[in-house]
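Asks: My structure is below; once you've seen it, I'll send some questions.
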Amino acid sequence: MSKRSLSWSLYLNYLVHGIGLIILTQNMQALSQQWHSPLATVSYVFSGVGIGRILAYFLFGRLSDKFGRKVFVNVGMVSYLIFFLGMAVVTNLQVAYGLAILAGVANSALDSGTYATFIEMGGRQGAANILVKAFVSVGEFLLPLLVAGIEATNAWYGWSFLLASVILVGNLICLNRQTFPPRNRVDTTTATTAQRLPKRRRVLASVGLAGYGYTSMALMILYTQWISLFVTRTYGFGGVLAHLLLSLYSIGSITGVLVVFVLLRAGVAERKLLLAMTSGSFIALAAICYVGIPAVAIVAAFAFGFLAAGGAMQLGLNLFLRLYPRIKGTITGLFFTFSSVATFTVPLFTGWLSTISVAAAMRSDLVVALAGVLCVSLTAWALRPSDPLTRDRRAINQIDKKVVRLL
């Protein structure tokens, strides 16, 4: 098994996944004409992606523990291939909705096979999970440039879908020449640490990490959905600055991924790093929500992207996977099921809050951020290392008590 070759194939899938995340929104006008439907109906079709994720995540996670990671990485790639090819030519709205659901299934299958594979490669490959986010961001960055070029030359909109398809076909060939590590292979140190953790503390850590799976996704969705409108209406910022705050968030996210990757390779504890990032993101978001000064907003937007979207979610998943090293696929499915629920519930409650004010909708993100800090704090407390000296002293005291009783 060549770790490097396998890693690059897995990363390339996530560059395509980044394209898949926004390819429908980037082609809304063209799809509206292709389907002979208004934009509101086109937007409704996009909800199928979320449905596909919720339906498939936990099931695929459990099955990947049973049948292996390679199977589900292939399922994800083939599903995405059908999605891209189908969306390029489909004219029926019902078929388009089915393809959107298939894109959510593809996302679930890729995640179920990929994150566990990186952990099972051994060493410090948990750091490699962080780079997944970077490749997603690269895909999201490149696609709008491609779509803009297609529109400028009045070319067929489907070329963007076909390009993603070509990349997938080439990567399917490369990936299936690679050998995956044995599924559910457990690092001895990780397994020992997980076994020594008392059951009560493991349950508390699991609750905290599952909750963080929800809050980490909700935090990012809410910010990207409302930030531009919030600063325009609340602070009176111009359109350029409003969009700049979203761009700075993206730049901060990519920067954060690279920095976190380096820190993990250097041996920094994931538990401490995650707690620092969630606490810092809360402070940065508070500055955005209540300090209407452009310079502060610019710095805070970059910091928020760096801390909230710079691989923090992947850190949480890594901790969860190490907590249950023998069912990595199931844990991946569970973690991302909670994040998928966020994609549905955030638009619902923020839509209701926006009827009060846009500021109320945006500032509700602070409640989500605080909940995330509490979830991570609970996890960090539950996973704290036991002091060997204290443990030994307790053992000695118990022996002394028994000796006294005997005497």
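Asks: Determine which member of the set Leu15, Leu39, Leu21 is under 18 Å from Val75 (Cα atoms) and open to solvent by 50 Å² or more (accessible area, probe 1.4 Å).
Replies: Working: Leu15 fails: open to solvent by 50 Å² or more (accessible area, probe 1.4 Å); Leu39 fails: under 18 Å from Val75 (Cα atoms).
The unique qualifying residue is Leu21.
Asks: Could you please find all residues in region 223-238 being assigned to a helix (DSSP H, G or I) and over 14 Å from Ser250 (Cα atoms)? Working first, answer last.
Replies: Let us first name the residues in region 223-238 that are assigned to a helix (DSSP H, G or I), namely 223-235.
Matches in region 223-238: Trp226, Leu229, Phe230, Val231, Thr232, Arg233, Thr234, Tyr235.
Asks: Output yes when any residue across region 101-115 is open to solvent by 10 Å² or more (accessible area, probe 1.4 Å) and over 23 Å from the mean Cα position of the chain (by Cα), and no when none is.
Replies: For region 101-115, residues open to solvent by 10 Å² or more (accessible area, probe 1.4 Å) and over 23 Å from the mean Cα position of the chain (by Cα): absent.
Asks: Would you check which residues across region 42-51 are open to solvent by less than 20 Å² (accessible area, probe 1.4 Å) and within 10 Å of Thr343 (Cβ to Cβ) and list them? Write out each step before concluding.
Replies: Of all residues in region 42-51, those open to solvent by less than 20 Å² (accessible area, probe 1.4 Å) come to 42, 45, 48, 50.
Of everything in region 42-51, just one residue is open to solvent by less than 20 Å² (accessible area, probe 1.4 Å) and within 10 Å of Thr343 (Cβ to Cβ), namely Gly50.
Asks: Follow-up. State whether one or more residues within region 359-380 are of a type outside the set (A, V, I, L, M, F, W, C), outside the structural domain of Phe118 (by the TED database) and under 20 Å from Ile130 (Cβ atoms). First the steps, then the outcome.
Replies: From region 359-380, those of a type outside the set (A, V, I, L, M, F, W, C) are 363-365, 372, 377, 379; that's our starting set.
Still in the list and also outside the structural domain of Phe118 (by the TED database): 363-365, 372, 377, 379.
When the remaining residues are screened for being under 20 Å from Ile130 (Cβ atoms), the result is 372, 379.
Yes, that holds for at least one residue.
Asks: Look at Leu245 and say whether it is in contact with a Cys (Cβ under 8 Å, 6 or more places away or on another chain), part of a helix (DSSP H, G or I) and either free of Cβ contacts under 8 Å to residues at least 12 places away in the same chain or surrounded by 16 or more Cβ atoms within 10 Å (Cβ to Cβ) (or both). Write out each step before concluding.
Replies: Working: in contact with a Cys (Cβ under 8 Å, 6 or more places away or on another chain): no; part of a helix (DSSP H, G or I): yes; either free of Cβ contacts under 8 Å to residues at least 12 places away in the same chain or surrounded by 16 or more Cβ atoms within 10 Å (Cβ to Cβ) (or both): yes.
The answer is no for Leu245.
Asks: Limited to region 328-369, what total is found for residues that are open to solvent by less than 10 Å² (accessible area, probe 1.4 Å), among the polar types (S, T, N, Q) and out of contact with any Lys or Arg (no Cβ under 6 Å at 6 or more places or on another chain)?
Replies: 3
Asks: I'd like to check something: does region 291-313 contain any residue that is loosely packed, with under 15 Cβ neighbours inside 10 Å and either of a type in the set (Ser, Thr, Tyr) or modelled with pLDDT under 90 (or both)?
Replies: No.
Asks: Being open to solvent by less than 50 Å² (accessible area, probe 1.4 Å), over 19 Å from Leu353 (Cα atoms) and in contact with a Pro (Cβ under 9 Å, 6 or more places away or on another chain), is that true of even one residue in region 221-237? Can you show your working first?
Replies: Keep residues of region 221-237 that are open to solvent by less than 50 Å² (accessible area, probe 1.4 Å), which gives 221-223, 226-228, 230-231, 237.
After this cut, where a residue has to be over 19 Å from Leu353 (Cα atoms) as well, the list is 237.
When the remaining residues are screened for being in contact with a Pro (Cβ under 9 Å, 6 or more places away or on another chain), the result is 237.
Yes - at least one qualifying residue is present in region 221-237.
Asks: Ok, one more. (1) over 26 Å from Ile221 (Cβ atoms); (2) in a helix (DSSP H, G or I); (3) open to solvent by 50 Å² or more (accessible area, probe 1.4 Å): which one isn't true of Thr91, the others all being true?
Replies: (2)
Asks: Does Gly113 satisfy being closer than 30 Å to Pro182 by Cβ, of a type outside the set (D, E, K, R) and touching a Gly at 6+ places or on another chain (Cβ under 6 Å)? If you could, list the steps in order and put the result at the bottom.
Replies: Details: closer than 30 Å to Pro182 by Cβ: yes; of a type outside the set (D, E, K, R): yes; touching a Gly at 6+ places or on another chain (Cβ under 6 Å): no.
No.
Asks: Output the number of the condition that Ser37 fails; it satisfies all remaining conditions of (1) in contact with a Leu (Cβ under 8 Å, 6 or more places away or on another chain); (2) in a helix (DSSP H, G or I); (3) polar (S, T, N, Q).
Replies: (2)
Asks: Right, next: Give me the pairs: first residue in region 1-21 and assigned by the TED database to the domain that holds Val49, second residue assigned to a helix (DSSP H, G or I) and exposed (fewer than 15 other Cβ atoms within 10 Å of the Cβ), beta-carbon distance under 6 Å, and six or more apart or on different chains, which are they?
Replies: Ser9/Cys174
Asks: Scan region 248-268 for residues that are part of a helix (DSSP H, G or I) and small (Gly, Ala, Ser) and report the count. Step through it out loud before you land on a result.
Replies: Within region 248-268, the subset part of a helix (DSSP H, G or I) is 248-265.
Next cut, small (Gly, Ala, Ser) only: 250, 252-253, 256.
Qualifying residue count for the region: 4.
Asks: If Met277 satisfies all but one of (1) at pLDDT 90 or above; (2) in a helix (DSSP H, G or I); (3) farther than 21 Å from Ala134 by Cα, what's the number of the condition it fails?
Replies: (3)
Residue-by-condition table, conditions (1) open to solvent by 40 Å² or more (accessible area, probe 1.4 Å); (2) at pLDDT below 90; (3) closer than 28 Å to Phe118 by Cα:
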{"position": "Arg326", "(1), (2), (3)": "yes, yes, yes"}
{"position": "Ala371", "(1), (2), (3)": "no, no, no"}
{"position": "Cys375", "(1), (2), (3)": "no, no, yes"}
{"position": "Ala380", "(1), (2), (3)": "no, no, yes"}
{"position": "Thr390", "(1), (2), (3)": "yes, yes, no"}
{"position": "Gln398", "(1), (2), (3)": "yes, yes, no"}
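Asks: In region 291-331, how many residues are in a helix (DSSP H, G or I) and touching a residue at least 40 places away in the same chain (Cβ under 8 Å)?
Replies: Taking region 291-331 and keeping what is in a helix (DSSP H, G or I), we get 294-308, 312-323, 328-331.
Filter once more, keeping what is touching a residue at least 40 places away in the same chain (Cβ under 8 Å): 294, 297-298, 301-308, 312-323, 328-331.
Adding up the residues that qualify gives 27.
Asks: Now for a separate question. Inside region 248-272, can you point out the residues that are free of Cβ contacts under 8 Å to residues at least 24 places away in the same chain and surrounded by 15 or more Cβ atoms within 10 Å (Cβ to Cβ)?
Replies: Leu263, the sole residue that qualifies.
The values are calculated or read from the model by the stated rules, or taken from the named source; none is laboratory data. All values reported here derive from a predicted model rather than from experimental measurement. Note: ideal-geometry Cβ built from the backbone for every residue, glycine included; neighbour counts use all protein chains shown. The accessibility values were calculated without ligands, DNA or RNA, using every heavy atom of the protein model including side chains. Shrake-Rupley method; radii C 1.70, N 1.55, O 1.52, S 1.80 Å.
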